[in-house]
Amino acid sequence: MNSPRWLEPLPEAKLMRAIDGWAIEEKKIPPLALMERAGEGLARVIAEHVPAGRIAVVCGKGNNGGDGLVAARLLRAAGREVEVLLVWPAQWLGDDPRAMLAKLPGPEPVAYDAARLERVHGIVDALLGTGAAGAPKDPVAAVIADIDAARARVVAADVPSGVDASTGEVPGAAVRAAATATFHRAKPGLWIAPGKAHAGAVSVIDIGIPSGAPGDADVALVNGGVLRDMPRRGTDSTKFTSGNVVVIGGSRGLTGAPCMAALAAMRAGAGYVTVAAPASLELSFTVRLLEAMLVGLPEEDGALSSEALEPAVAAVGRADAVVLGPGLGRSPGAQELVRALVERIDVPLVLDADGLNALAGRLEHLRHRRWPTVLTPHAGELGRLLEVDSSEVAARRLHHATEAAARAGALVVLKGDDTLVAAPAGRVAVSAGGAPALATAGTGDVLGGVIGAMLAKGLRAPHAACAGVYAHLRAGQLAAAPHGPDGVIASDVIAALPAALSA
């Protein structure tokens with residue numbers, strides 16, 4: 001299956017091995033030529049991030065070590081002082097790395113000694129490649145600890161040692177690099193947490209693999225092209241053809257969340273937005289939402305009750321999409337209402353916040369829905385949905401996002417700097433992140449509203465979710481531009497949405 005042009009493939013380790021094999025066997029590219037180009041690119045990244053001073057290249061026995069040896073040769077040829085440290089004896093090197101060792105000019109490599117890392121300005125991690133999995137064992141684990149303890153800047157070859165290239169999991173010791181030179185394409189583990197935090201600045205090195213390689217990556221990075229095909233208002237548009245969104249939520253003390261979701265939907269282009277909330281709270285919404293319609297629903301003590309089911313279904317009416325959950329609260333009646341509504345809402349649905357908490361341990365309940373469903377949990381909410389601790393979600397984000405999507409038969413948007421959009425069939429889109437301003441209360445409600453607007457415009461659910469995530473990211477970056485991220489609040493992100501969508 002061909003991916004849309006706004007997704008950049010991130011091949012996992014098995015696929016990358018197949019691509020390398022295809023280039024060597026079918027396209028007759030010598031493996032040493034691939035290694036040479038990888039080492040050339042690695043040397044450029046090292047020179048950029050360690051522009052002066054002594055460099056230590058720490059080599060393993062596989063092809064990753066061979067890449068490091070090429071970089072060491074080229075850096076020495078450029079006049080840099082480079083020391084090569086071998087973790088295993090030279091005779092243990094693979095055939096290709098041994099061929100590169102034979103071409104190394106200058107001082108002979110020496111056996112690895114942690115003390116030598118104290119006298120360098122830069123360290124090159126050429127220990128493990130993309131195929132490594134599981135927690136590193138000694139001697140590699142000890143070497144990784146030494147590298148992380150050193151004060152030098154670290155550049156990783158292909159992937160930081162200890163990071164699972166395919167998943168981003170970090171099951172044991174792992175190098176923390178200032179930069180990573182990755183070959184042919186970036187790998188999922190460089191963009192998915194916690195591995196992302198170890199990768200630093202990622203540079204993709206073209207090693208000469210031609211187009212047409214076999215395989216289709218299940219994980220891909222979202223780029224700005226995701227917004228190009230978004231429907232826009234034209235001269236023949238009406239408020240209804242621009243997208244009709246209904247936000248269901250709110251409770252006493254939690255009226256801000258549905259307001260932000262509604263405002264975000266409007267700023268993302270929805271032409272008609274309705275908030276359905278407890279009737280007694282109508283004034284709280286009226287003073288904040290001049291352009292939205294309001295529908296008061298039955299309640300109990302300031303929270304929606306199960307008696308709101310039929311009025312809520314009626315409120316959905318002509319909606320093109322529904323956002324369910326912002327500010328809903330966790331009263332028994334509100335939670336019961338959610339479980340009933342997910343079966344009755346026959347339009348695309350975004351479930352957020354307490355709408356998610358109502359389905360804790362009941363993900364399969366969503367499989368009965370006939371229309372697309374998008375879940376937007378953070379790690380804690382996904383943990384409750386899967387009945388696991390949030391720390392387990394944080395450690396294995398890709399695994400848990402895809403598991404939840406498969407169990408629910410729904411799209412799962414696992415929020416974070418590396419927001420993941422996981423589809424039931426196992427495909428995952430990853431946000432490049434880089435908007436720390438979004439780490440503030442209310443921005444999750446904003447995201448729910450934006451995705452709701454994208455669904456209401458008629459985008460297919462995967463496209464709508466990815467477009468919403470990207471627009472939300474850009475708005476967070478634009479909101480922070482004047483003064484930095486620390487002063488940004490969620491309403492600033494809403495205000496920046498029109499500029500983000502036009503960028």
Within the group Asp486, Asp445, Asp417, Asp389, which residue is among the charged types (D, E, K, R) and either touching a Cys at 6+ places or on another chain (Cβ under 8 Å) or within 28 Å of Arg233 (Cα to Cα) (or both)?
Asp445
Which of the numbered conditions does Lys137 fail, given that it passes all the others? Conditions: (1) among the charged types (D, E, K, R); (2) more than 15 Å from Trp88 (Cβ to Cβ); (3) over 20 Å from the mean Cα position of the chain (by Cα).
(2)
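Within the bounds of the range 481-488, is there any residue that is in a helix (DSSP H, G or I), within 23 Å of Arg427 (Cα to Cα) and in contact with a Gly (Cβ under 9 Å, 6 or more places away or on another chain)?
Going residue by residue through the range 481-488, those that are in a helix (DSSP H, G or I) are 485-487.
Narrowing further to those that are within 23 Å of Arg427 (Cα to Cα): none.
Looking for residues that are in a helix (DSSP H, G or I), within 23 Å of Arg427 (Cα to Cα) and in contact with a Gly (Cβ under 9 Å, 6 or more places away or on another chain), one finds none in the range 481-488, hence no.
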Breaking point among (1) of a type in the set (A, V, I, L, M, F, W, C); (2) modelled with pLDDT of 95 or more; (3) over 18 Å from the mean Cα position of the chain (by Cα), for Ile192:
(3)
Quick one: which residue in Ala467, Ala456, Ala475 is touching a Phe, Trp or Tyr at 6+ places or on another chain (Cβ under 9 Å), modelled with pLDDT of 95 or more, more than 15 Å from Trp6 (Cα to Cα) and surrounded by 24 or more Cβ atoms within 10 Å (Cβ to Cβ)?
Ala456
Please list, ordered by first then second residue, the pairs with beta carbon atoms under 6 Å, 6 or more apart or interchain, first in the range 488-503 and closer than 17 Å to Ala441 by Cα and free of Cβ contacts under 8 Å to residues at least 40 places away in the same chain, second exposed (fewer than 15 other Cβ atoms within 10 Å of the Cβ) and of a type in the set (D, E, K, R).
none
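Restricting attention to the range 151-189, and to residues there that are among the hydrophobic types (A, V, I, L, M, F, W, C) and part of a strand (DSSP E or B), which single residue is surrounded by the most Cβ atoms within 10 Å (Cβ to Cβ)? Talk me through it step by step, then tell me what you get.
Taking the range 151-189 first, the residues among the hydrophobic types (A, V, I, L, M, F, W, C) are 152, 154-157, 159, 163, 165, 170, 173-175, 177-179, 181, 183, 186.
Restricting the remaining residues to those that are part of a strand (DSSP E or B) gives 154-157, 179, 181, 183.
Values: Val154: 25, Val155: 32, Ala156: 33, Ala157: 36, Ala179: 19, Ala181: 29, Phe183: 28.
My answer is Ala157.
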Pro51 meets each of (1) under 15 Å from Phe183 (Cβ atoms); (2) under 33 Å from the mean Cα position of the chain (by Cα) with one exception, condition (1)
Leading residue by the ranking (nearest to Val316 (Cα to Cα)) among those in the range 330-369 that are within 25 Å of the chain's Cα centre (by Cα) and in a helix (DSSP H, G or I):
Gly355
Note on the range 267-285: residues in a strand (DSSP E or B) and closer than 30 Å to Met230 by Cα are Tyr272, Val273, Thr274, Val275, Ala276, Ala277
Name the single residue, out of those in the range 278-329 being of a type in the set (Asp, Glu) and under 35 Å from the mean Cα position of the chain (by Cα), that is least open to solvent (accessible area, probe 1.4 Å).
Asp320
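Is it the case that Val374 is modelled with pLDDT of 95 or more, surrounded by fewer than 24 Cβ atoms within 10 Å (Cβ to Cβ), part of a strand (DSSP E or B) and in contact with a strand residue (DSSP E or B) (Cβ under 8 Å, 6 or more places away or on another chain)? Spell out how you get there, then give the answer.
Numbers: modelled with pLDDT of 95 or more: yes; surrounded by fewer than 24 Cβ atoms within 10 Å (Cβ to Cβ): no; part of a strand (DSSP E or B): yes; in contact with a strand residue (DSSP E or B) (Cβ under 8 Å, 6 or more places away or on another chain): yes.
No; evaluated as a whole, the condition is false for this residue.
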Conditions (1) assigned to a strand (DSSP E or B); (2) under 30 Å from Tyr470 (Cα atoms): number failed by Met16
(1)
Starting from the range 1-22, take each residue that is under 11 Å from Ala217 (Cβ atoms) and open to solvent by less than 40 Å² (accessible area, probe 1.4 Å) and list its partners that are at pLDDT 95 or above and charged (D, E, K, R), counting only C-beta distances under 8 angstrom and pairs at least six apart or across chains.
Leu10/Arg185; Leu10/Lys187; Pro11/Arg185; Pro11/Lys187; Met16/Arg185; Met16/Lys187
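Here's the yes/no breakdown for (1) over 26 Å from Pro136 (Cα atoms); (2) hydrophobic (A, V, I, L, M, F, W, C):
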position	(1), (2)
Ala23	yes, yes
Leu42	no, yes
Gly62	no, no
Asp67	no, no
Tyr112	no, no
Pairs needed: first member in the range 231-256, modelled with pLDDT of 95 or more; second member anywhere, loosely packed, with under 15 Cβ neighbours inside 10 Å; C-beta distance under 6 Å; at least 6 residues apart or different chains.
Asn244/Arg318
Taking the range 467-497 and keeping only residues that are in contact with a helix residue (DSSP H, G or I) (Cβ under 6 Å, 6 or more places away or on another chain) and among the β-branched types (Val, Ile, Thr), one is left with Val488, Val493, Ile494
Search the range 381-430 for residues being open to solvent by less than 10 Å² (accessible area, probe 1.4 Å) and in a loop (DSSP other than H, G, I, E, B), and hand back the single one that is nearest to Ser491 (Cα to Cα).
Asp418
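For the subset of the range 190-213 comprising residues that are among the small types (Gly, Ala, Ser) and assigned to a helix (DSSP H, G or I), which member is nearest to Ile19 (Cα to Cα)?
Looking only at the range 190-213, we keep the residues that are among the small types (Gly, Ala, Ser), and these are 193, 195, 197, 199-201, 203, 208, 211-213.
From what's left, assigned to a helix (DSSP H, G or I): 197, 199.
On the way: Ala197: 27, Ala199: 22 Å.
Among them, the one singled out is Ala199.
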If you go through Ala150, Ala193, the only one that is in contact (Cβ under 8 Å) with a residue 40 or more places away in the chain and among the hydrophobic types (A, V, I, L, M, F, W, C) is Ala193
Need the failing condition index for Asp206 against (1) over 15 Å from the mean Cα position of the chain (by Cα); (2) at pLDDT 95 or above; (3) open to solvent by less than 30 Å² (accessible area, probe 1.4 Å), just the number.
(3)
Failed item in (1) surrounded by 15 or more Cβ atoms within 10 Å (Cβ to Cβ); (2) on the phi < 0 side of the Ramachandran plot; (3) assigned to a loop (DSSP other than H, G, I, E, B), with Thr235 passing the rest
(1)
Those residues that are more than 15 Å from Asn64 (Cβ to Cβ) and touching a Leu at 6+ places or on another chain (Cβ under 9 Å), I need them from the range 17-39; list them, please.
Ala23, Ile24
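Suppose the filter is touching a Lys or Arg at 6+ places or on another chain (Cβ under 9 Å) and of a type in the set (Lys, Arg); does Arg80 pass it? Can you show your working first?
On the way: touching a Lys or Arg at 6+ places or on another chain (Cβ under 9 Å): yes; of a type in the set (Lys, Arg): yes.
Yes; evaluated as a whole, the condition is true for this residue.
The values are calculated or read from the model by the stated rules, or taken from the named source; none is laboratory data. This structure is a prediction, so every number in the text was calculated from the model and none was measured. Cβ atoms come from the backbone with ideal geometry, glycine included; neighbour counts cover every protein chain shown. Accessible surface areas use protein heavy atoms only, side chains included; no ligands, DNA or RNA. Shrake-Rupley method; radii C 1.70, N 1.55, O 1.52, S 1.80 Å.
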